[in-house]
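Single-structure report; data block below.
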Amino acid sequence: MDLMEKVVSLCKRRGFVYPNSEIYGGNQGFYDFGPLGVEMKNNLKRLWWKWMTVDHENIVGIDGAIITHPKVWEASGHVKNFSDPLSECKKCHHRFKQDDLAENRCPDCGGELTEPRNYNILMQTQLGVIEGEKINAYLRGEACQTIYLNFKNVLQTNRLKIPFGICQIGKAFRNEVTPGNFLFRQREFEQWDLQWFCHPSEMEKWFDYWKNERMLWYQGLFTHPDNLVFYRHEKLAHYAEKAFDIQYSASPFDGSEIEGIHWRGDWDLSRHSEYSGQDLGYTDQGTGEKYTPNIVETSGGVDRTFLFLLLDAYCEENDRVFLKLNPKVAPYKAAVFPLLANKEELVKKAREVFLSLKSEITVSFDDRGNIGKRYYSQDEIGTPWCVTIDYQTLEDNTVTVRDRDTAKQQRLPIDNLLKHLLNLLK
Ligand code: GAP
């Protein structure tokens, strides 16, 4: 099995990620997060949110609706441009991007290909209940549009001045032509976005600032930060002076985008001003200058980060598999075991310790099988510390704490245990 297959299998087996609608044969491009996956994903989102809104001045958050007025997607250009010219094989009906084709023959079966045609990847839905009178609408193709729609609301209802940022974590939907590679290219996925509004003369400064900040943030999460690289785009949107991706560059994803740092200029606010007829300009209260704020966007994928972190963390050592996840990201921070499952006094004491930790950190209790198997089982889901209650505990109120990465143990008084774990998590 290659690394990707091992990670996909672990995700299913241990309850990180399940294929959506599996009992009906699956639903291509959709996945469900299981009990461990949702803990890990929530940890990631909490870390991102804290870093954006608490650790940076002048950034506030919103949580916008998934369906917007249909005109939004005309203004954004998605109705016209969110499409790929594709050629279809007349024999096997597989579709291919022009860039992927060396000749006019199907790479899968050798069949003849059609002329390229445009496929729009916005996902449509309908609003209303009366057949024949339903209105076509779209599930949002990118989360950021709701930020632009609320630019004026946020400005007016908060004490903010340019420069400032609005951030959001939310779902986006795309009818991807070739969904695949597990969580990498899905039809429903989550994005974390910052839209930073600034004076046009300060774009260069803020673009470089956010580009570096975002790289530092990802580097702090990954076990092998050297696998994160910048990629500079050559082909640019007409309003952009530059665009960079932060890429994960390790097997099996050599150079795949996690996040884009985009120079959006005044494109979005100008277009929404034009299409809505509302003035989305800004007046500097100090100088009286009126202008359309320019935007630096940082737009990343929650699910892609989740996947790359698992690939980055996967380790095999002799017969042991462990996820060397950053403890802040790991689903459980600790696991608590009685040394022997059939000794009532050990189980009772272990339950006490488990309950004393449970309200402060995510912690698992396990009294199945033998202690070695329990360690391995926690290693495989990335639990950084395992706490064991043994006979010595009953005498002196100390426990052993085993480290996931080194498998080394240390003895600690129970009274210090929570403080010790919280310190390690800082
Ligand atoms: N608002 C800008 C925007 O949406 P994007 O590069 O299309 O830019 C941003 O998307 C991020 O969303 C990407 O860097 C990627 O991490 C994630 N993403 C995009 N399409 C995805 C898909 N089909 N499945 C999973 N994640 C996706």
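Since every read-out is calculated from the coordinates, none of them should be taken as a lab result. Keep in mind it's a predicted model, so treat the numbers as computed, not measured. Positions of Cβ are backbone-derived with ideal geometry, glycine not excepted, and every protein chain shown enters the neighbour counts.
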To make sure I understand the rule: partners must be aspartates and glutamates, Cα under 15 Å from the Cα of residue 419, and not fewer than 8 residues away in the same chain. Which ones qualify? 360
Rounded to two decimals, what is the ratio between the C-alpha radius of gyration of region 165-271 and 2.2 N^0.38 Å? 1.15
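Find how much the distance from residue 42 to residue 129 grows on full extension, using 0.36 nm per residue of separation minus their present alpha carbon separation; answer in nm with one decimal.
Values: separation 87, 0.36 × 87 = 31.32 nm, distance 3.51 nm.
Extending this stretch completely gives an extra 27.8 nm.
Translational diffusion coefficient of region 296-414 at 20 °C, 1.002 mPa s, Stokes-Einstein with Kirkwood Rh over Cα pairs, in µm²/s as a whole number.
Values: Rh = 15.2 Å.
My calculation gives 141 µm²/s for D.
For region 20-76, give the magnitude of the charge dipole about the Cα centre (Cβ charges: +1 Lys/Arg, -1 Asp/Glu; no others), in debye to the nearest 20. Spell out each step's value before the answer.
Working: 5 positive and 7 negative charges, 11 e Å.
Once rounded to the nearest 20, the dipole reads 60 debye.
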Can you work out ³J(HN,Hα) from phi for every residue in region 243-260, in order, using Karplus 6.51 cos²θ - 1.76 cosθ + 1.60 and θ = phi - 60°, giving whole Hz and x for Gly and Pro? 8, 10, 10, 8, 10, 8, 10, 8, 4, x, 10, 7, x, 10, 5, 9, 8, x
Work out, step by step, the length gained on full extension between residue 69 and residue 223: first 0.36 nm times the residue separation, then minus their alpha carbon distance; give nm to one decimal. 51.2 nm
Rounded to the nearest 0.05, what FRET efficiency do residue 205 and residue 109 have when you use their Cβ-Cβ distance and R0 = 45 Å? 0.30
Can you tally the net charge around residue 220? Count Lys and Arg as +1, Asp and Glu as -1, for every other residue whose Cβ sits under 12 Å from the Cβ of residue 220. 0
Highest mean first, how do 4-17, 409-422, 230-243 rank when packing is the count of other Cβ atoms within 10 Å averaged over residues? 4-17, 409-422, 230-243
What does the charge add up to near residue 360, with Lys and Arg as +1, Asp and Glu as -1, over the other residues with Cβ less than 12 Å from its Cβ? +3
Rounded to the nearest 20 debye, dipole of the chain from Cβ charges on Lys, Arg, Asp, Glu: 800 debye
Scattering from the C-alpha atoms of region 249-315 alone, worked out with Debye: what is log10 I(q)/I(0) at q = 0.24, 0.28 1/Å? -1.03, -1.16
Please state, to two decimals, what the Cα-based radius of gyration of region 58-179 comes to when divided by 2.2 N^0.38 Å (N = residues). 1.44
Rounded to whole Hz, the Karplus (6.51, -1.76, 1.60) HN-Hα couplings of region 284-298, x for glycine and proline: 6, 5, x, 9, x, 5, 10, 7, 8, x, 9, 10, 9, 10, 10
Volume per residue that the Cα convex hull of the chain spans, once the total is divided by residue count, Å³: 200 Å³
Which residues in region 9-34 place their backbone N less than 20 Å from a point set 7 Å from the Cα of residue 175 along the Cα-to-Cβ direction? 27-31
What is the local net charge at residue 409, summed over the other residues whose Cβ is closer than 12 Å to its Cβ (Lys, Arg +1; Asp, Glu -1)? +2
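State which entries of 171/211; 171/205; 211/242 exceed 19 angstrom in Cα-Cα distance in the structure shown. All intermediate terms of the calculation are to be shown ahead of the outcome.
Values: 171/211 23 Å; 171/205 30 Å; 211/242 11 Å.
With Cα atoms farther than 19 Å apart: 171/211; 171/205.
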